[in-house]
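The next block holds one structure in the form of structure tokens; read it before the comments.
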Amino acid sequence: MRFDVLTLFPETFSLVMKESIIGRAQEKGLIEVNAVNIRDYTRDKHRKVDDYPFGGGNGMVMMCQPMFDAYRAVTEGLQTKPKVIYMSPQGRVLTQKVAVELSKEEHLILLCGHYEGIDERIIEELVDEEISIGDYVLTGGELPAMVLIDCVSRLVPGVLSNEGSFSEESHFNGLLEYPQYTRPAEYEGKQVPEILLSGHHANIQKWRSARSLERTRIKRPDLYENHIKSSEGKI
Ligand SMILES: Nc1nonc1C(=O)N1CCN(Cc2ccccn2)CC1
């Protein structure tokens with residue numbers, strides 16, 4: 001899977017995306033993260049990428065020409081048009097379900113905005129979908145793009161060694177994950193739940209399912225309600 005990220009800060013990506021699991025996935029050729037500097041596609045000596053908004057108002061807006069030319073450079077010669085996502089507070093909120101959907105794509109182009117946003121003609125002409133990582137406003141689209149790359153890439157076959165654990169993760173089945181423990185069995189007088197030391201896998205599974213439902217009901221009643229509704233009518 002390939003990600004082309006159009007950004008004003010390409011060095012941010014190379015630092016973060018070459019580390020850990022994402023870095024190893026790139027070394028294994030499972031994913032490619034290509035950061036493209038929008039400023040390299042400016043045509044003036046000041047490498048201008050933004051300008052004042054028509055109609056007045058605070059802040060600056062990212063201009064069409066550099067973004068259009070950067071997009072054309074990364075898509076030149078491609079047989080099919082990759083899906084283009086603009087990271088924006090106005091977008092569809094990124095959930096695990098959306099991440100699974102995006103992980104089926106071979107190639108994504110992510111546009112990272114700054115300032116007050118990007119010229120609307122970029123969105124109209126180039127963007128297939130706006131995606132938000134949550135209802136808060138950041139200083140730019142780079143962190144959202146990295147969040148999207150991280151949660152989508154880990155779903156690409158071969159990226160995670162323990163792929164079997166997907167079904168037990170929080171949000172996979174609409175519920176939060178059960179509590180996890182590891183050695184030692186006792187730490188400062190605090191014991192690991194006895195059931196987990198029993199080796200009785202059926203009972204352990206039952207305990208884990210019960211804990212998962214319980215903590216979802218407590219921590220995320222919205223998810224709990226959805227789960228109950230979707231389970232109604234199922235035998
Ligand atoms: N939350 C988020 N989830 O994705 N992106 C964000 C996010 O806060 N940002 C900061 C503002 N940028 C520029 C901007 C400003 C206004 C309208 C559209 N674009 C985009 C990226």
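Going by neighbour counts of Cβ atoms within 10 Å, the residues Ser132, Ser14 line up, fewest first, as Ser14, Ser132.
Arranged by the count of other C-beta atoms within 10 angstrom, fewest first, what order do Met62, Met87 take? List each step's numbers first, then the result.
Numbers: Met62 21, Met87 26.
Ranked by crowding around the Cβ, least crowded first: Met62, Met87.
In plain terms, the residue of Asp4, Asp222 with the fewest other Cβ atoms within 10 Å comes first and the most crowded comes last, giving Asp222, Asp4.
By how many nm would the segment from Arg47 to Ser231 lengthen if fully extended, with 0.36 nm per residue of separation less the alpha-carbon distance? Spell out each step's value before the answer.
Working: separation 184, 0.36 × 184 = 66.24 nm, distance 5.58 nm.
Answer, rounded to one decimal: 60.7 nm.
Straight-distance candidates among the lysines for linking to Lys234, with alpha-carbon spacing under 19 Å and chain neighbours fewer than 8 residues away dropped: Lys206. Summed over qualifying helices (DSSP H, 4 residues or more, each -39500 (n - 2.57)) and divided by its residue number, the chain shows a 222 nm mean residue ellipticity of -10500 deg cm²/dmol.
By the rule of a C-alpha distance below 28 Å, with chain neighbours fewer than 8 residues away ignored, the lysines paired with Lys83 are Lys18, Lys28, Lys48, Lys97, Lys104.
For His107, nonlocal amide neighbours, meaning residues 5 or more places apart or on other chains whose placed amide H falls under 5 Å from its own, are Arg2, Lys83. Shape of the stretch 177-235 from the C-alpha gyration tensor: oblate (a/c of 1.5 or more and a/b not above b/c, with a ≥ b ≥ c the square roots of its eigenvalues).
Computed from the coordinates by the stated procedures, all read-outs in this text should not be read as laboratory data. Not measured: the values here are computed from a predicted model. Note that we place each Cβ from the backbone using ideal geometry, even for glycine, and neighbour counts take in every protein chain shown.
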